[in-house]
Amino acid sequence: MKIAVIGATGLLGHHAARAVKAAGHQLVLVHRPASRIQRLAYLEAECRSAELLDHAGLARALSGLDGVIFCAAGYPKRPRRWQEEVASALDQNNHFYAACLAAHVPRILYTGAAIALPQHPEGLPGHEGLFYEGMPRWKNPYLLSKWALDEQAREQARNGLPVIIGIPGMCLGEFDSVPSTGRLVLAMAQGWMTHYVPGRRNLVDAADAGRGLLLALEKGRVGERYLLTGRNIEMAELTERIATLLQVPPPQPMPLALAKGMAVLGRLRYRLSGELPKLDDTAIAVMAGGQFLDGSKARHELGFVAETPLEVTLERTIGWFRANGYL
């Protein structure tokens, strides 16, 4: 198969591209002209340049493919109103779906986020059949943008576009060059993350998640969600394990209400001085907006099983940050 990856300079996209190559498929990297694509030269992929908002250019870049894995979803860092974040995310993905339609792409994998699922009403691990009744009440920009993009992807599938939704748990691993979820590790290493918001997470190695995205593209049913899960873990245990490997004091728990209040102050400071807040809405959502996840559907339908132990994932992540000058 000839499979394109969009967003391969990011953590998940890089690992998805590696999985495509390892499986023996023809790899195409669709990237922005300004992207630092040189770091992916070792994959010996065909590179096609296109801006996501350039409909004609993106349609040309997606021509002649058997499938595409879309990993270019945003990871908000600058404080913005949730309405702006949602509108921007939907606009970007609308251009992507329109280009797929014009290029007649036969298989489309949208990479979603587990925060788009509501909490299980009985406190059990979340599954693919959970949906919000209306808009989520927590007006967190990250949560609402991921919820809106999930709604959009399912609507595109209902309208006939061959969209499959792959939803990894919280990913850590090598090649987090932006960084995204690896900010948690860096914040603890640099000493300014002294507290965390308690919550439940499912952590999956980014390499396993990339392999799962490929399996979803290859075997998934159109319109279906697939949770690509690793290990269910409390934030308390996760932060303590990371602190131990970094040889720093573990952060202490902080009530969610206090964290939200600090995020409000951070937004005000940003508007006045331009200084990015260290505790922002995205970080709060990553820590507190999750739940344990049930990955049995992907296991049964796709044959996906995460293979990397938690300790190995954490050691690889920290080792990569150290080797690349982040620590």
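Only one of the listed residues (Gly319, Gly274) is out of contact with any Pro (no Cβ under 9 Å at 6 or more places or on another chain) and over 22 Å from Asp205 (Cβ atoms). That residue is Gly274.
The residue pairs whose first member lies in segment 106-122 and is closer than 22 Å to Gly134 by Cα and in contact (Cβ under 8 Å) with a residue 12 or more places away in the chain, whose second member is in a loop (DSSP other than H, G, I, E, B) and of a type in the set (Phe, Trp, Tyr), and whose beta carbons are closer than 6 Å, counting only pairs six or more residues apart or on different chains, are Pro118/Tyr132. Those helices (runs of 4 or more DSSP H) of segment 246-327 in which at least 1 residues are at pLDDT 95 or above and over 15 Å from Gly169 (Cα atoms), considering only elements entirely within it, cover 296-302, 310-323. Evaluate segment 78-93: report whether one residue or more is within 21 Å of Glu218 (Cα to Cα) and either more than 19 Å from the chain's Cα centre (by Cα) or in a loop (DSSP other than H, G, I, E, B) (or both). The answer is no; no qualifying residue exists.
The number of residues in segment 144-194 being on the phi > 0 side of the Ramachandran plot and buried (at least 20 other Cβ atoms within 10 Å of the Cβ) comes to 2.
Looking at Gly261, is it of a type in the set (Gly, Ala, Ser), surrounded by fewer than 19 Cβ atoms within 10 Å (Cβ to Cβ) and more than 29 Å from Glu311 (Cβ to Cβ)? When the stated conditions are applied, Gly261 passes them. Return a yes/no flag: does segment 294-301 have any residue that is touching a Lys or Arg at 6+ places or on another chain (Cβ under 9 Å), of a type in the set (A, V, I, L, M) and surrounded by 16 or more Cβ atoms within 10 Å (Cβ to Cβ). Scanning segment 294-301 turns up no residue that is touching a Lys or Arg at 6+ places or on another chain (Cβ under 9 Å), of a type in the set (A, V, I, L, M) and surrounded by 16 or more Cβ atoms within 10 Å (Cβ to Cβ). Testing Pro251 on (1) surrounded by fewer than 16 Cβ atoms within 10 Å (Cβ to Cβ); (2) over 24 Å from Ala73 (Cβ atoms); (3) in contact with a helix residue (DSSP H, G or I) (Cβ under 7 Å, 6 or more places away or on another chain), one condition comes back false. Which one is that? Unmet condition: (1).
Can you say whether Val5 is buried (at least 21 other Cβ atoms within 10 Å of the Cβ), modelled with pLDDT of 95 or more and either within 18 Å of the chain's Cα centre (by Cα) or assigned to a helix (DSSP H, G or I) (or both), as far as the supplied structure shows? Yes: the conditions hold for Val5.
Test each condition in (1) surrounded by fewer than 21 Cβ atoms within 10 Å (Cβ to Cβ); (2) of a type in the set (A, V, I, L, M, F, W, C); (3) outside any helix (DSSP H, G or I) for Ala243 and report the one that comes out false. So the condition that Ala243 fails would be (3). Annotation for segment 240-258: no member residue is closer than 27 Å to Thr111 by Cα and not β-branched (Val, Ile, Thr). Per the listing Tyr110, Tyr142, the residue uniquely under 16 Å from the mean Cα position of the chain (by Cα) and assigned to a helix (DSSP H, G or I) is Tyr142.
The values are calculated or read from the model by the stated rules, or taken from the named source; none is laboratory data. Being a predicted model, the structure only gives us computed values, none of them experimental. Methodologically, a virtual Cβ is constructed for each residue, glycine included, from the backbone with ideal geometry; neighbour enumeration extends over all protein chains shown.
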